[in-house]
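The structure appears right after this line, and notes come after that.
The values are calculated or read from the model by the stated rules, or taken from the named source; none is laboratory data. Model, not experiment: these values are computed from the prediction. Cβ: placed from backbone, ideal geometry, glycine included. Neighbour counts: every protein chain shown.
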Amino acid sequence: MTFFTFTKDMSDEGVVVTPGVFEVDGTVIGYKDNATSMRVKGPSSTNDPAAGADVQSYAGIFYNVAYTNVGTLETRFITGGNLEMDVALQGPHQVQIAAVDDTQTDGQVWVASKTNVVFNMRADAEVASPNQLIFDRVSTGTTGAANTSDVEVSVNAGNLVFTSPVVFPTMMTTPIYPFAGLPPVTLGGMILVTGATDGASHGPHALCFSDGTAWISTATYLPVAA
């Protein structure tokens with residue numbers, strides 16, 4: 001298959017064509033009214049579900065009125081890939097995502113995912129970190145506007161450790177459990193227990209902390225009682 005045909009030697013103008021290689025020592029400009037793009041095509045791995053399928057990457061300028069649903073303009077530069085392939089942005093030293101231009105007053109980084117967002121810190125190449133920071137929604141059964149559940153921040157292993165003071169601009173709430181369904185004891189944990197009777201003056205609720213062996217009521221400093 002022939003992709004490029006030249007009627008004269010272009011090497012003096014910075015264009016070199018060899019079997020399987022097209023080099024340009026300079027600038028390549030493509031122009032089209034919407035969907036101006038550069039695309040790279042090839043087969044997928046034979047080990048993938050769609051073995052040997054044609055996959056294609058793209059990088060270009062597109063415009064669509066729907067882009068302003070979450071963006072600021074109808075015109076975008078988009079880079080990515082079609083079905084049956086992952087897309088990775090990687091570099092050996094540093095990868096930056098910046099929405100900063102000193103001539104503009106806006107500049108937002110927008111991140112969206114169909115499931116959760118997972119951060120792997122101090123990881124090796126192509127190896128998941130054993131301790132990951134995970135952002136998700138409390139309810140995972142629906143997506144989009146139908147999911148109005150709270151945002152959940154968790155780790156898959158170990159603890160979520162704050163090494164600096166944490167300031168809550170609004171009220172901080174404690175997990176609530178009925179006395180008949182107390183969670184496993186976790187040293188340093190704090191919960192609010194309903195159905196507790198740790199003195200009539202304290203009502204039917206008890207704020208409790210864990211000493212590693214039991215849930216201790218802050219009213220009596222004894223294991224919480226029903």
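Tabulated values for the structure
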| quantity | calculated |
| --- | --- |
| Test: residue in segment 201-224 that is touching a Pro at 6+ places or on another chain (Cβ under 6 Å) and touching a residue at least 24 places away in the same chain (Cβ under 8 Å) | yes |
| Output for segment 128-142, where each listed residue is loosely packed, with under 12 Cβ neighbours inside 10 Å and in contact (Cβ under 8 Å) with a residue 24 or more places away in the chain | Pro130 |
| Residue match in segment 114-129 (condition: among the basic types (Lys, Arg), part of a strand (DSSP E or B) and within 18 Å of the chain's Cα centre (by Cα)) | no |
| All strands (runs of 3 or more DSSP E) inside segment 1-74 with 2 or more residues being modelled with pLDDT under 90 and either within 23 Å of Leu89 (Cβ to Cβ) or of a type in the set (Val, Ile, Thr) (or both) | 15-18, 21-24, 36-43 |
| Test: residue in segment 81-93 that is part of a loop (DSSP other than H, G, I, E, B), surrounded by fewer than 10 Cβ atoms within 10 Å (Cβ to Cβ) and either acidic (Asp, Glu) or on the phi > 0 side of the Ramachandran plot (or both) | yes |
